[in-house]
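Asks: Sharing a structure, written as structure tokens. Questions coming.
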Amino acid sequence: MEESIDGWFKREILAHDARLLRYLLRVWRKKDEVYDLRQETYARVYEAALATRPRSARSFLFTTAHHLMADRLRRERVVSIEAVADIDALNLSVDEISAEQHVSARQELKLLALALDRLPPRCRKVMWLRRVEGLSQREVAERLGVSVKAVEQQVSKGSRLLADYVLAGEAMNLDVSRAMAELEDNDEHGKP
């Protein structure tokens, strides 16, 4: 019988509370936001675990915290996905993250960038405005001259396509190795 989500969360996630708090206090410059960041990290981890529990809970916890900080930085000033992919550019100390996890996170961000590029144009624009620029659905609808319902549909479609790509490791029917080869080829030839 599978353990309850609450039991799993207490055992696998809350066990790292002190380490997570030290990490956030060390890397986040706005100290008054640290406790909110911690709570939002826990909420995201819990929500994700309702669907599928991660293989490495500790790694997932710290990766989620890192992504949350990156999201907040993007909202403060829009930066390219490639800039966010470079963890060093964010001036974040990641002592708790191994080199393998660092590489894995960079690969995931590159795959996400590729996935965004493969979305249909309107869907890509909606996803960019909602998730990167942090606009509300109403603001996106006004900017694009469409209904809020159309924005909701595009966000749903875009989220589903991105999730399929990233979680399944497929780039719209391309295998991961082919997608990575395409990314490396683009990097070598100076293509974005």
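No value in this document is a laboratory result; all are computed from the given coordinates. Nothing here was measured: the structure is a model prediction, and the numbers come from that model. Using ideal geometry, Cβ is built from the backbone for each residue, glycine included, and neighbour counts are taken over all protein chains shown.
Asks: Give me PHE62, PHE9 ranked fewest to most by other Cβ atoms within 10 Å of their Cβ, as a rough exposure proxy. Mind showing how you got there, number by number?
Replies: Values: PHE62 23, PHE9 19.
Least to most surrounded, the residues fall as PHE9, PHE62.
Asks: With label points built 7 Å along Cα→Cβ from the Cα atoms of LYS125 and ARG11, find their separation and express it in nm.
Replies: A separation of 5.0 nm, rounded to one decimal place.
Asks: While we're looking at this one, here's another question. Find, among the trypsin sites (Lys or Arg not before Pro) in the stretch 17-61, those assigned to loop by DSSP (not H, G, I, E, B) with at most 12 other beta-carbon atoms within 10 angstrom. Before the final figure, lay out each step's value.
Replies: Details: sites: ARG19, ARG22, ARG26, ARG29, LYS30, LYS31, ARG38, ARG44, ARG55, ARG58; in loops: ARG29, LYS30, ARG55.
Passing sites in the stretch 17-61 are ARG29, LYS30, ARG55.
Asks: While we're here: So for the pair GLU47, ALA163, with labels modelled 7 Å out along Cα→Cβ, what separation do we get in nm?
Replies: Each label point lies 7 Å from its Cα, and together they span 1.1 nm.
Asks: Further question: Report the extension gain between ARG26 and SER156 in nm, rounded to one decimal, defined as 0.36 nm multiplied by the number of residues separating them, less their alpha carbon distance. Mind dumping the intermediate values first?
Replies: Details: separation 130, 0.36 × 130 = 46.80 nm, distance 3.55 nm.
That pair, ARG26 and SER156, stretches by 43.3 nm at full extension.
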